[in-house]
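What follows is a single structure, written as structure tokens, with notes after it.
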Amino acid sequence: MCTVLHELVYEAVKQVPKGKVTTYGAIARALGDPIAARTVARILSENKDPEEVPCYRVVMSDGSLGGYAFGGTKEKERRLREDGVEVVNGKVNLERYLFTDFDIYPILRKMAEAQKRIAEMNEPVEVEVDCVVGLDVAYKGCTGVGAAVAMDRDGEIIGVSTWKGRVTFPYVPTYLAFREAPFMVKSGERWRDCLFFIDGQGTAHPRKAGEAVHVGAVLRVPSVGIAKSPLLRGQKPTGKAYISPGWGYPPLELVREFWFRGKKQPEALEEAHRVATREVRSLT
């Protein structure tokens, strides 16, 4: 069990009584956001104890059975029938059998509320910097490594720092900061006089609080989100990346000043990615 969300999902499944089923989406809603339905399914695919955590009682939103790692769909259907749940043509009648009365902590709703508060505190600041820090994270199992690479205006590396720790939250769309920000903050905290380039979104986020906003808010440093793919519909790329202001709304013209050779991402970010990847590969 890797993260707190694993614990909450497994607790939800334990609450589904014999003779009832629930859905991945219903568990996600109980956690506070239906966007996490796929994450719930992924977490349940990692379940190691189907007797303690009866994940066969979780089906698709249309009542179809979905997968089951402990014997496949036929075994899932057998277990449901044994519970007293009728399965007709591979589906369960959700109007009859659906359970949604969960008593679990709505962690995603609380996180979304925190993101909104962070966004409300964000405001433009004057930015005068002579260095930039690229921040990235790489993972191996339940361990993450954050890497920070500082560069001056000539593109020379002036410092590198890393931080390794346990992953405490899985990937959930729009909540990536809660997975990655701890690693970025720890690896980058010594460079508070620089502009931060974050491998992720900034204010281009449904609640205007992507990773760049989170990290900048914690360290009180100006930051920019530089992502490889868009998060919002209609978000336009700048060159080969999707750029949005982070904490302090630094002028995006600063990105060009520290993007020296026209690569897919600024060099500080590419170097941070290389460092994080190298450190993860060295883990035993």
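Derivation of every value follows stated rules applied to the coordinates shown; laboratory data play no part. Computed from a predicted model, the values in this text were never measured in an experiment. Cβ sites come from the backbone with ideal geometry, for glycine too, and all protein chains shown count toward neighbours.
Tabulated values for the structure
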read-out	value
Relative contact order of the chain, pairs being alpha-carbon contacts under 8 Å that are 6 or more residues apart, as %	17
Radius 14 Å from Cβ of GLY25, net charge of other residues (Lys, Arg +1; Asp, Glu -1)	+1
For the chain, the longest site-free run once GluC sites (Glu not before Pro) in DSSP loop states with at most 13 other Cβ atoms within 10 Å are removed	157-284
Within segment 102-178, trypsin sites (Lys or Arg not before Pro) in DSSP loop having at most 16 other beta-carbon neighbours inside 10 Å	ARG153
Shape box of the chain [Cα atoms, principal axes, largest first, Å]	70, 41, 30
Relative contact order (%) - segment 119-281, alpha-carbon pairs under 8 angstrom, separation at least six	27
Segment 119-281: translational diffusion in µm²/s, Stokes-Einstein, Kirkwood Rh over Cα pairs, 10 °C, 1.306 mPa s	104
Relative contact order (%) - criterion: Cα under 8 Å, at least six apart; region: segment 4-105	36
Rounded to 10°, Cα long-axis angle of helix 107-121 versus longest principal axis of the chain	20
Distance histogram in 10 Å bins (all Cα pairs of segment 198-268, percent per bin)	23, 56, 20, 0
Any cysteine of the chain lacking a neighbouring Cys Cβ under 4.7 Å - listed by number	CYS55
Rounded to 10°, Cα long-axis angle of helix 72-83 versus longest principal axis of the chain	50
Trypsin sites (Lys or Arg not before Pro) within segment 1-57: DSSP coil, no more than 14 neighbouring Cβ in 10 Å	LYS18, LYS48
Computed over segment 4-105, Kirkwood Rh from alpha-carbon pairs, angstrom	13.2
Whole-Å distance, taken between Cα centres, linking segment 1-68 and segment 167-214	27
